Amino acid sequence: MAVSSENFTFLQGFLYQESGLSLAEDKSYLLESRINPVLKKLDLSDMDTLVSKIKSGDQKAKHEVVEAMTTNETFFFRDLHPFEKFKDVVLPKIVENKPKGSTIRILCAACSSGQEPYSLGIVLKENAAKFADYNVENIATDISEDILKVAKNAKYTQFEVQRGMPIQLLVKYFTQDGSDWYLNDDIKSMVRFEQFNLLNSMAKYGTLDVIFCRNVLIYFDPDTKRKVFSELKKHISNHGFLFLGGAETVMGVTDDFVPMKGERGLYIPTDSIYS
C-alpha cells in the first residue's frame, strides 16, 4: 500500500524522534515494504488508520512501527577485521592496563539477532587463557524487543551459520537439529541481552572497556551521531576502544573520539592513554 507524502512526513518525524532513524525522502519504498506487514499484523485497513493510531498514542502501533523499521541484517564475524583486532590488539592492551581480578566490560550496541556478541563470545572462549585472571562482562543491546528474543534463543538456520561462521567453530560451538543450528550454552551464557535505545542515557552501563557500535550510525543524521558519540564518550574508559562499521567514521562528526594510529577502523577517546 503506497504511502502518501503526508503520512511519509509524519512517520519520518516519528521514527526520528523514537529511534534516531533518519529516513531520506527517497526511501518511501522502504517504508512501504516494512510497514505493509504491520498493517496486516494489526488488522488495519490502510496507512491513514495506522498513522491515526500513532497520533492518538496507541503504544502497540508505535511499537510495531519502530520494530519494523529498526530490525537490520547481521551475520557471524561480520567483516572479520574487527574481531581480529579485538583479539590481537584490544584484549592484550586492556589486560596491560587493568588490574588482575577486575572485569573487562564489553558493550555490543544494536546487536540485532545476536551474531556479533556471540562471535565475540567465541573469540573470548578461544582465547580464554590470555585473560584467565579477569572476569568478562559481555552486554548486548538493541532497540527491538522482537529481535532480542531471537538473539536470546540463539537458533540459526543453515544459511545464517554459513554466513561467516568457520566450519570448525560451527561444529565446536553449535548443535545441529535438522536444518537448524543451536548455539551451545557455554557461549549463550556469556552474553547478557537488554533492550536499549541509543538515544537514551547509558548511565546504567557504567564504565566500559570496549564498545561495538557497528553499522547503526549510518542511519542517523549528523546531530544524532554527535549525541550518540557524546554519550559513548561518557562511558568509555581512557584505555577503552570503540569499533564502528566499515562505512562509519568519527572524522568530521565528533571530537570525542579519534582513529587509533596504525589501526584501521579502531577508535579511541580523545583522552586515551594511547594518544
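Points to keep in mind about this one:
- Solvent exposure of the range 80-191, expressed per residue, is 45 Å² of accessible area, with all protein chains present and a 1.4 angstrom probe.
- Unsatisfied cross-links (Cα-Cα over 25 Å) in the set Lys100/Lys125; Lys188/Lys227; Lys98/Lys227; Lys93/Lys152; Lys125/Lys152: Lys188/Lys227; Lys98/Lys227; Lys93/Lys152
- Principal-axis analysis of the Cα atoms of the chain puts helix 28-41 at an angle of about 80° to the longest axis.
- DSSP beta bridges fully contained in the range 122-266 are about 45 percent antiparallel.
- Rounded if a/c under 1.5, otherwise prolate or oblate - the chain, Cα gyration tensor axes: oblate
- By the helix-only formula, in which each DSSP H run with n ≥ 4 contributes -39500 (n - 2.57) and the sum is divided by residues, the chain has a 222 nm mean residue ellipticity of -11500 deg cm²/dmol.
- Choice from Ser19, Ser230, Ser119 with maximal GNM fluctuation in the chain (Cα, 10 Å cutoff): Ser230
- Positive-end extreme of charge dipole, the range 128-225 - chosen from Gln176, Phe196, Tyr156 (charges on Cβ): Gln176
- On the chain, 49 percent of the accessible area sits on carbon and sulfur atoms, based on a 1.4 Å probe.
- Among the trypsin sites (Lys or Arg not before Pro) in the range 117-200, those located in a DSSP loop and surrounded by at most 16 other Cβ atoms within 10 Å of their own Cβ are Arg163.
- Residue order by solvent-accessible surface for Glu25, Glu126 is Glu25, Glu126, largest first, with ligands and nucleic acids left out and a 1.4 Å probe.
- Here Thr270 and Ile167 are evaluated by their C-beta separation; at R0 = 35 Å the FRET efficiency comes out at 0.25.
- Neighbour-limited loop hits for trypsin sites (Lys or Arg not before Pro), the range 212-266 (at most 13 other Cβ within 10 Å; DSSP other than H, G, I, E, B): Lys261, Arg264
- The chain: angle of helix 5-19 to the longest principal axis, Cα-based, in degrees nearest 10: 30
- Contact order normalised by residue count of the chain, Cα under 8 Å, 6+ apart, percent: 17
- Inter-part distance where the range 1-75 and the range 89-103 are each reduced to a Cα centre, Å: 44
- Aspartates and glutamates with Cα under 18 Å of Lys85, excluding same-chain neighbours fewer than 8 positions away: Glu96, Glu116, Glu126, Asp209, Glu248, Glu263
- Spatially proximal lysines relative to Lys225 (Cα-Cα < 18 Å; intrachain offsets below 8 disregarded): Lys233, Lys234
The values are calculated or read from the model by the stated rules, or taken from the named source; none is laboratory data. Keep in mind the model is a prediction, meaning the values are calculated, not measured. Using ideal geometry, Cβ is built from the backbone for each residue, glycine included, and neighbour counts are taken over all protein chains shown. Ligands, DNA and RNA are stripped out before the accessible areas are found, and what is left, the full protein with its side chains, is counted by its heavy atoms. Shrake-Rupley method; radii C 1.70, N 1.55, O 1.52, S 1.80 Å.
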